[in-house]
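Visitor: Please see the structure below; I have some questions.
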Amino acid sequence: MTAGETAVAVAHPNIALIKYWGKRDERLVLPVTDSLSLTLDVFPTTTAVRLDPDAAEDHVVMDGVLARGEALRRATAFLGLVRERAGRRERAVVDTRNTVPVGAGLASSASGFAALALAAAHAYGLPGDAEELSRLARRGSGSAARSVFGGFVVWHAGDPDAPDPDRASYAQPVTDARLDAALVAVVLDEGPKPVSSREAMRRTVATSPLYRDWVTGSRTDLARMRAALRAGDMATVGAISERNALGMHATMEAARPAVRYRTADTDAVLGHVRRLRAEGLGAWATMDAGPNVKVLCASADAERVAARMREVTDARVVVARGGPGARLRRVTT
Ligand code: 2P0
């Protein structure tokens, strides 16, 4: 691209059914475990990147506000990595718009860094296929590697003994899944989380006596889930997702000091999900680094599950289904 052109990319958040919780390398953002997610068709992030040869610094606007502090530091560090790889020096003008509440455990950093990776790679003329883009997005935020692809996606932790561990850790679409699933998001709290997931992971890995077992269990969960996705077995996929999420929360709650994202409202929604199951409606809960609950169900049951959730909560309830991978929307001069 030449100076003055703008690359615009769109990416959607993803929700992990087998969670990523813990890094083995902070700088390269290499996870301890593989994870598996569903990219959603709601809450896209749209990011525009333009190079400015006259600028001394990157200029980053997020939802109409000039980025500062940690958000600016992370975006600038990421742009620096893209520049280094592309052998370019120009600073960038970035304008990013989220439609998901930022920092509330609804994966805004996943869609955000996936969109930034694609737009910046294009703006700086960095070549590479989608797997390579997932490696790049990973460096911004781990879960962003998965938002590069649509539908069910697996992110490989990679062999720690590989000659180049950065190359070994990337995302891929799960091409043999035979399941039409939905996630019904119950948005209990749209505010920022008390502890960043980055810090919470660090603390969990360093201090939780349950962490080692969670890692072992996660490997088994992933293998079983992949088989259940191939078989189109909603009940097994749902049961594994719920226990993996509950296990992740138990593990972080055992950290010192404890990391607790669940609230009384979260637990009330979890109880309601269990009641729906007892009535014979296939619904399973998953939660991330926040109090919100996402209810996994067959796509055909999504509206029914959403209606039942609205009966018991005033919270916003949003039905999401499988959505697309990151894509370039346009390049303008
Ligand atoms: C996940 N989460 O698999 C897990 C489950 C939250 C709970 O990935 O430090 O923003 O930037 O790599 O990707 C959220 O963590 O963390 C996350 P960094 P990220 O979706």
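The values are calculated or read from the model by the stated rules, or taken from the named source; none is laboratory data. Just so you know, these numbers come straight off a predicted model, no measurement behind them. Glycine gets a Cβ as well: all are built from the backbone with ideal geometry, and neighbour counts include every protein chain shown. Note: areas computed on protein heavy atoms with side chains; ligands, DNA, RNA excluded. Shrake-Rupley method; radii C 1.70, N 1.55, O 1.52, S 1.80 Å.
Visitor: List, in order, the whole-Hz ³J(HN,Hα) value for each residue of the stretch 165-171 obtained from phi through the Karplus relation with A = 6.51, B = -1.76, C = 1.60 and θ = phi - 60°; use x for Gly and Pro.
Guide: Once rounded to whole Hz, the list reads x, 4, 5, 6, 10, 8, 9.
Visitor: What number, rounded to the nearest 500 deg cm²/dmol, is the helix-based mean residue ellipticity at 222 nm of the chain, given -39500 (n - 2.57) per DSSP H run of at least four residues and division by all its residues? Let's see the in-between values first.
Guide: Details: 10 runs with 131 residues, N = 333.
Calculated mean residue ellipticity at 222 nm is -12500 deg cm²/dmol.
Visitor: Moving to a separate point now. Rounded to the nearest Å, what's the spacing between the alpha carbon centres of the stretch 280-297 and the stretch 65-82? Just the number, please.
Guide: Centre-to-centre (Cα) distance: 32 Å.
Visitor: What does the highest-first list of 180-190, 158-168, 270-280, 212-222 look like by mean Cβ count within 10 Å? Don't skip to the end; give the middle numbers.
Guide: Values: 180-190: 21.7, 158-168: 12.5, 270-280: 14.8, 212-222: 16.6.
Output ranking for 180-190, 158-168, 270-280, 212-222: 180-190, 212-222, 270-280, 158-168.
Visitor: On to the next question. Accessible area of the chain with a 1.4 Å probe: how many percent of it is carbon plus sulfur? Please report the intermediate quantities before stating the final value.
Guide: Values: 6930 of 13770 Å².
Here it works out to 50 percent.
Visitor: Still on this structure, please answer the following. So if each residue of separation counts as 0.36 nm, and I subtract the Cα-Cα distance between Leu28 and Thr175, what length gain in nm does that give?
Guide: Numbers: separation 147, 0.36 × 147 = 52.92 nm, distance 2.69 nm.
Full-extension gain reported as 50.2 nm.
Visitor: For Gly323, list long-range residues whose amide hydrogen, built 1.01 Å from N in the peptide plane, is under 5 Å from its own amide hydrogen.
Guide: Amide H neighbours of Gly323, under 5 Å, 5+ apart: Thr39, Leu40, Asp41, Gly151.
Visitor: Okay, next question. Gain in length, Thr207 to Ala235, computed as 0.36 nm per residue apart minus the alpha-carbon separation, to one decimal in nm? Before the final figure, lay out the partial values.
Guide: On the way: separation 28, 0.36 × 28 = 10.08 nm, distance 3.35 nm.
Extending this stretch completely gives an extra 6.7 nm.
Visitor: For helix 264-278, report the angle its Cα long axis makes with the longest principal axis of the Cα atoms of the chain; keep it between 0 and 90° and round to the nearest 10°.
Guide: Relative to the chain, helix 264-278 is tipped by roughly 60 degrees.
Visitor: Compute the long axis of helix 69-86 from its Cα atoms, compare it with the longest principal axis of the Cα atoms of the chain, and write down the angle in degrees, 0 to 90, nearest 10.
Guide: Here the helix axis deviates by roughly 60 degrees.
Visitor: Going by alpha carbons, how many degrees (0 to 90, nearest 10) lie between the helix axis of 302-312 and the longest principal axis of the chain?
Guide: Here the helix axis deviates by roughly 70 degrees.
Visitor: Please calculate how many Å² of accessible area the chain carries per residue, with a 1.4 Å probe and no DNA, RNA or ligand atoms counted.
Guide: Working: 13770 Å² over 333 residues.
Per residue, the chain has 41 Å² of solvent-accessible surface.
Visitor: If you restrict to DSSP beta bridges whose two residues both lie in the chain, what percentage is antiparallel, to the nearest 5?
Guide: Working: 51 of 55 bridges.
The antiparallel proportion sits near 95 percent.
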